[in-house]
Amino acid sequence: MSKLHLKLYISGYSLLSRRAVTNLKQICRVEFEENCDIEIIDVIKSPQLAELANITVTPTLVKESPPPIKRLVGDLSQSERVISELEPDPECPY
Amino acid sequence: MNAESSKQEQPPPFVEKLKTGIPGFDLIAEGGLPHSTCTLVAGTAGSAKTVFANQFLAKGIVEAQEAGVFVTFEESPAAIRKHMQGFGWTIENWEADNLWKFVDVSPVLGEKPVVTGEYDMAPVLARIQYAIETTQAKRVAIDSLGAIFTQLGDTALIRGDLFQLIGALRQLQVTAVLTAERTEEYGDIARYGVEEFVLDNVVILRNILEGEKRRRTIEILKFRGTSHQKGEYPFTVLPRQGIEVIPLSAIQLQQQSSDIRIQSGINELDHMCGGGFFRDSIILTSGATGTGKTLMVTQFMGGGIEAGERCLLFAFEESQDQLFRNASGWGIDFETESANGHLRVVCRYPETSGLEDHLIRMKEIIEDYQPNRVAVDSLSALERVSSEKGFREFVIGLTSFIKHRKMAGLFTATTPTLLGGASVTESHISTITDSIILLRYVEMYGEMLRGITVLKMRGSKHDKEIREFTIDGTGMHIGMPFRNVTGILSGNFTYASSDELNRLNNLFNEQSEMRE
């Protein structure tokens, strides 16, 4: 299975941000055997990155690869939903 | 201790205002928007909220070199750039010069993010702050607050962030305009109760349907800690210019008046008026169709040309060719004079645009041509295309504009009935005009004669009689008063015999003798 490249946009140390980080790490460990490359971006420290990626809400998780690119918003507490979105798409030709 | 604290009491802080640059708005806002505050601009769909927000930024750049940040929750920046081109705002160039910056929070087509839990809108706040810092912006526009909720959901977290956003804007010392949707013209301030976030200032834009016609008005509902003009003011959205507010009641009644008389173009009429019209007065001529109103306008223009004045005629009933032909029939050569630049004739159908647009165009033409005399033929034609209130505002706006520039104005109004009667036009504007001249048909022994009287002339003696006048190839000729007819103005004529006339005359003589 190819490695997951994920970007997680958070805002400072807010409760939602911390919850999202914890949830994401948990999902990666349990479901994807740490086969994830996670980049955490704080929009308050780097607003220009939020601008570039057109981020409106935090937390936002962007699955950059493998394709298709997907956007998930919220604190990732609905783990089943997160997993089904991150799992490789069998229909995808790549 | 008490004495000390009372000593420290200071007068309420002076609220500095930021000139928006939106024509007319700064007048009703008495200087502009309160500096470093947020203003809610609420209106129904199509009430020009987005134009207002854009113009606020555009004018800041053009007139004050102040950079602006536009936060869009609805339209994409590409769409805004395109739509605002029509107003002459070159957003793309300004973006290149770092004077304009978009914070694009508009929905992306086809992309529907998966929701996995709670979220907040902290990035929007961070991006706005970042944009303000990088451009050193003084003005911010957010379009629109309601779209935040439709796009991000109306949750407690989003509402909390919106509060934070407004607070942050205040701290950043920027003046912000935030738009919000309304569902009805007269009702709640805005949807989603957004007014609870923006407490400082509220401006309402309306787009009211009145007698099958749309009428735009703007109202400043409140300005915290400072004054503004109250009530609704008409405004219009002009191509290549944007919003223009027509600040009618804000016009001050302080025009000077002069004793200088000008010639009406009809000698006998000058006599009736005690030596001519005053130079900066507004004269209303009212009469039924065919009584000679256009002739009077023509002669008024002719008199001006003869005296070396510049004359401007707004015609709403006849075409230029018709006017020129008629004038030459009365011995006045409009064609040559307009070629020489002594005369300018502007013909337009009243229906071509709303009354507000007519007013602004007329003002532009007057400003451009700088005439000494202005005639409008006829006001009644304009009344057709407007509501009662809109018409009154139009006349007030036009008269005060003309008087301020020390010009003489001659307006005509058509009465709806052939005999007697007063037009609605008159009752609306009779108090605004300085002189009123009535032209009436008089039925006499199976013949239709014409009568003229000077009903009112501010600041001067004038003839009180109703005189007969005739029209021939050289124009209007005023003759003797009607002695033996009464009830001309009401249209209910009674004919008095000469015996009766003498008796009445003697009656008054006797009375005055008795008093002495």
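The values are calculated or read from the model by the stated rules, or taken from the named source; none is laboratory data. These numbers were taken from a predicted model, which means no experiment stands behind them. Glycine also receives a Cβ, built like all others from the backbone with ideal geometry; neighbour counts cover every protein chain displayed. Ligands, DNA and RNA are excluded from the accessible area calculation, which covers all protein heavy atoms including side chains. Shrake-Rupley method; radii C 1.70, N 1.55, O 1.52, S 1.80 Å.
Each DSSP beta bridge with both residues in chain A is either parallel or antiparallel, and the antiparallel ones are about 55%.
What angle, in degrees between 0 and 90 and rounded to the nearest 10, separates the Cα long axis of helix A:15-31 from the longest principal axis of the Cα atoms of chain A? With rounding to tens, the tilt is 20 degrees. Put the Cα centre of segment B:32-53 next to the Cα centre of segment B:354-389 and the gap is 28 Å.
Sorted largest first, the principal axis extents computed over the alpha-carbon atoms of segment A:4-86 equal 31, 28, 18 Å. Per residue, the solvent-accessible area of segment B:85-188 (1.4 Å probe, heavy atoms of protein chains only, all protein chains present) comes to 43 Å². For segment B:76-124, accessible area lost to neighbouring protein chains reaches 50 Å² or more, against the chain alone with a 1.4 Å probe, at B:Val114, B:Thr116, B:Glu118, B:Tyr119, B:Asp120, B:Pro123.
Distance between the pseudo-spin-label points of B:Met444 and B:Gln241 (7 Å out from Cα toward the beta carbon): 4.9 nm.
For B:Lys456 and B:Glu63, calculate 0.36 nm times their separation in residues minus their Cα-Cα distance, and state this gained length in nm to one decimal.
On the way: separation 393, 0.36 × 393 = 141.48 nm, distance 4.57 nm.
Stretched out fully, the B:Lys456 to B:Glu63 stretch lengthens by 136.9 nm.
Here the spin labels are modelled as points 7 Å beyond Cα on the Cα-Cβ line, and at B:Thr134 and B:Gln164 they lie 2.1 nm apart.
Going from the chain on its own to the full set of protein chains, segment A:49-64 has these residues losing 20 Å² or more of accessible surface (heavy atoms, 1.4 Å probe, no ligands, DNA or RNA): A:Glu51, A:Asn54, A:Ile55, A:Thr56, A:Val57, A:Thr58. Annotation for the B:A interface, with buried accessible surface near 2100 Å², both sides summed [1.4 Å probe; non-protein components not counted]. Note on the protein assembly as shown: antiparallel DSSP beta bridges, both residues inside, total approximately 45 percent of the bridges counted.
For segment B:362-457, which trypsin sites (Lys or Arg not before Pro) are in a loop by DSSP, counting at most 11 other Cβ atoms within 10 Å? Can you show the working numbers first?
On the way: sites: B:Lys363, B:Arg373, B:Arg384, B:Lys389, B:Arg392, B:Lys403, B:Arg405, B:Lys406, B:Arg440, B:Arg450, B:Lys456; in loops: B:Arg384, B:Arg405, B:Lys406.
Answer in residue order: B:Arg384.
With all protein chains in place and ligands, DNA and RNA left out, the 1.4 Å accessible area ranks B:Lys59, B:Lys293 as B:Lys59, B:Lys293, largest first. Restricting the chymotrypsin sites (Phe, Trp or Tyr not before Pro) of segment A:1-50 to loop positions (DSSP other than H, G, I, E, B) with no more than 14 neighbouring Cβ atoms within 10 Å leaves A:Tyr13. Taking a straight Cα-Cα cut-off under 30 Å and skipping sequence neighbours fewer than 8 places away in the same chain, the lysines within cross-link reach of B:Lys456 are B:Lys293, B:Lys363, B:Lys389, B:Lys403, B:Lys406, B:Lys464.
Multiplying the residue separation of B:Glu92 and B:Ala496 by 0.36 nm and subtracting their alpha-carbon distance yields 137.5 nm.
I'd like to check one number: the per residue accessible area of segment A:1-87, probe 1.4 Å, reported in Å² as a whole number. Provide the component values of the computation, followed by the final result.
Working: 4320 Å² over 87 residues.
Ligands and nucleic acids excluded, the figure is 50 Å² per residue.
Which order do B:Asp333, B:Asp200 take when ranked by solvent-accessible area (1.4 Å probe, heavy atoms of all protein chains), largest first?
Working: B:Asp333 75, B:Asp200 15 Å².
The most accessible residue leads, giving B:Asp333, B:Asp200.
Of the trypsin sites (Lys or Arg not before Pro) found in segment B:221-251, the ones in coil according to DSSP and having at most 10 other Cβ atoms within 10 Å of their Cβ are B:Arg240. Over segment B:293-404, accessible surface divided per residue gives 38 Å², non-protein components excluded, 1.4 Å probe. Of the DSSP H helices in chain B, those that are both long (alpha-carbon extent of 15 Å or more along the helix axis) and hydrophobic (Kyte-Doolittle mean at least -1.0) are B:49-64, B:122-135, B:156-171, B:293-306, B:355-369, B:388-404. The distance between label points at B:Ser227 and B:Leu27 comes to 1.7 nm (points 7 Å beyond Cα on the Cα→Cβ vector).
Accessible surface of the protein assembly as shown, 1.4 Å probe: 50 percent of it comes from carbon and sulfur atoms.
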